[in-house]
Amino acid sequence: MKLLAATVAVLGSGCFYFDPINQRPSIGIHQSSSDTVHRGDVVVLEARYNDPDGTGGTLRWAAFACTQVSDASGSICDGQQFFTGTDPTAALVVPLRRASGVPVEAVRVVLAASDDRGAAANPTQELVIPVSDASPTLELRKVSRHGYVAGIPIDLFGKYGDADDGPARVALAWQVFTPSTQPDYTLVDLAVPVDANDPAHVTAGKTLTPQGIGEWDVQVTATDPVGVASLQHLAITVAADRPPCLAQWQPSVPPAGATYPVTQRTLFQVPLVDDDLDVYPPAHGDPVLGTATFAWSILVPGAPARERLVGATGNALDFDPAAFSPGNIVELRVEAFDRSHPTTACDDSLPTCPVVSQPGCTQRLTWRLEIR
């Protein structure tokens, strides 16, 4: 009993401290940005940190550029990280290329943490983010100052870019599909000025000159360095050169059966001809357009047929009634031609030659003159 009492006395007089076990914190990575990631994108990651002991801690981010398979050096990821950080949120820009120059196909993110008492999170968290390749962008347009007509040049433009590779690394390929008749054509480079206000895009140009009518299809493919391609089509309906239209004339032509009285020298003229290729007045300085030509003829009383006036090839004719007697009925005619229509398609007996495919268009006018 004395021993037990002594033991109790010793225990009662002492003080003991037991240090609680320091538990490891746990961490996780949450990707708060879009799941689809391209090279050059900003990826936002958040650290999910939990310490059972309720103490603070230190975070350490590291991100490495990778490919999905080993490159020539045998390494999947670069040895040197392209991003480090210690904040709870990491905003990293995905590199375009690895140190070896190959395009980045994945990003490996490592997150380590330790609490204020030195306990490290176990395990270290790793996240591999697949990096998708952004497809090249491609926009096509066509321009023709003179309509889509056989033999007329058509300017084609392809505006392209690439969000992660840049336009300089995009290859553009052009292919022309002709109508079923397989007419000839030329496709040549067209210089396009650089738009300094839009460095993200480049515009390439071609000039297509189709030599036949029908449905043409121009296919353009933009391909980036990793083989991702964008394809666009330009459909072009090419028509035949239409006959020229007499658009203005002086003086006015009287209605059928009526005559135009002439008492003195009178200038008959056609100031304006509308046509795809050959116009009047001449379009000086335009290498595509030509000039319409004219033919004048006259039918005089007692003549068996209309006579073509030799040398009268301009757009105007000065008519002198002094060569005729008062009361004579004279028919004065003008016709316009272009390079594709050297003659009219109408019978000589018709005073006009309407173009069926173009309402209101005529290739011929005839004044019925009464000499007074």
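What follows is calculated from the coordinates using simple rules that are stated; it is not laboratory data. Just so it is clear, the model here is predicted, and its values are computed rather than measured. Cβ sites come from the backbone with ideal geometry, for glycine too, and all protein chains shown count toward neighbours.
Taking only the C-alpha atoms of the stretch 26-130, Rg followed by Dmax gives 14.7, 47 Å.
Quote the FRET efficiency, to the nearest 0.05, computed for THR36 versus GLN211 with a Förster distance R0 of 41 Å and r equal to the Cβ-Cβ distance. Walk me through the numbers before you get to the answer.
On the way: r = 46 Å, r/R0 = 1.13.
With a Förster radius of 41 Å, E is 0.30.
Sorting THR207, THR263 on the 10 Å Cβ count, fewest up front, what's the list?
Sorted ascending by nearby Cβ count, the order is THR263, THR207.
Taking the DSSP bridge list for the stretch 245-371 and keeping only pairs wholly inside it, about 85 percent are antiparallel.
Based on Cβ point charges of +1 for Lys and Arg and -1 for Asp and Glu, what charge dipole magnitude is obtained for the chain about its Cα centre, in debye rounded to the nearest 20?
On the way: 24 positive and 41 negative charges, 38 e Å.
For this selection, approximately 180 debye.
With a Förster radius of 25 Å, plug the Cβ-Cβ distance of ALA235 and ALA200 into 1/(1 + (r/R0)^6) and report the FRET value to the nearest 0.05. The partial results should precede the final answer.
Details: r = 27 Å, r/R0 = 1.10.
Here the calculated transfer efficiency is 0.35.
Rg and Dmax of the stretch 105-166, both derived from C-alpha coordinates alone, stand at 26.7, 84 Å.
Express in nm, to one decimal, how much length is gained between PHE177 and ASP189 on full extension, taking 0.36 nm for each residue of separation and deducting their alpha carbon distance.
Values: separation 12, 0.36 × 12 = 4.32 nm, distance 1.75 nm.
Computed gain between PHE177 and ASP189 is 2.6 nm.
What does the charge count around ASP274 come to, taking other residues whose C-beta lies under 13 Å from its C-beta (Lys +1, Arg +1, Asp -1, Glu -1)? Please list the in-between numbers first.
On the way: positive: ARG242; negative: ASP241, ASP275, ASP276, ASP278, ASP338.
After counting each charged neighbour, the total is -4.
Hey, what number do you get for the chain at 222 nm if only DSSP H runs of n ≥ 4 count, each worth -39500 (n - 2.57), divided across all residues, to the nearest 500?
On the way: 1 runs with 12 residues, N = 372.
Rounded to the nearest 500, it is -1000 deg cm²/dmol.
Packing, as the average of other Cβ atoms within 10 Å across residues, places the peptides 209-220, 310-321 in the order 209-220, 310-321, highest first.
Reducing the stretch 45-114 and the stretch 145-204 to their Cα centroids gives an inter-centroid distance of 42 Å.
Over all other residues within a Cβ to Cβ distance under 11 Å of ILE29, the charged ones net out to -1, with Lys and Arg as +1 and Asp and Glu as -1. Largest GNM mean-square fluctuation across ALA292, ALA258, ALA229, computed for the chain with C-alpha springs under 10 Å, falls on ALA258.
In whole Å, what three semi-axes, largest first, describe the equivalent ellipsoid of the stretch 137-238 built from its Cα gyration tensor (square root of 5 times each eigenvalue)?
Numbers: eigenvalues 143, 46, 17 Å².
Semi-axes (√(5λ), whole Å): 27, 15, 9.
At an R0 of 25 angstrom, the distance between the Cβ atoms of THR86 and ARG117 translates into a FRET efficiency of 0.90. Need one number: the % of Cα-Cα pairs in the stretch 86-195 sitting beyond the 25 Å mark. The calculated P(r) of the stretch 86-195 puts 55 percent of pairs beyond 25 Å.
Name the residues of the stretch 317-332 whose amide N is less than 15 Å from a point 7 angstrom out from the Cα of GLN264 along the C-beta direction? Output list for this probe position: 319-322.
Remark: the chain is approximated by an ellipsoid whose semi-axes, taken from the C-alpha gyration tensor as √(5λ), come to 93, 20, 14 Å, largest first.
Volume per residue for the stretch 245-371 equals 115 cubic angstrom (convex hull of Cα atoms). With no solvent and one point per C-alpha, what does the Debye sum give as log10 I(q)/I(0) for the stretch 243-301 at q = 0.30 Å⁻¹? Ignoring solvent entirely, the Cα scatterers give -1.31.
With a sphere of radius 13 Å drawn around the Cβ of ILE213, what net charge do the other residues whose Cβ falls strictly inside it have (Lys, Arg +1; Asp, Glu -1)? Before the final figure, lay out the partial values.
On the way: positive: ARG242; negative: ASP184, GLU215, ASP241, ASP276.
Charge balance near ILE213 sits at -3.
For the chain, modelled as a GNM whose springs connect Cα atoms under 10 angstrom apart, the maximal fluctuation among ALA222, ALA345, ALA303 occurs at ALA303.
With both labels modelled 7 Å from their Cα along Cα-to-Cβ, the LEU140 to ARG97 distance reads 3.0 nm.
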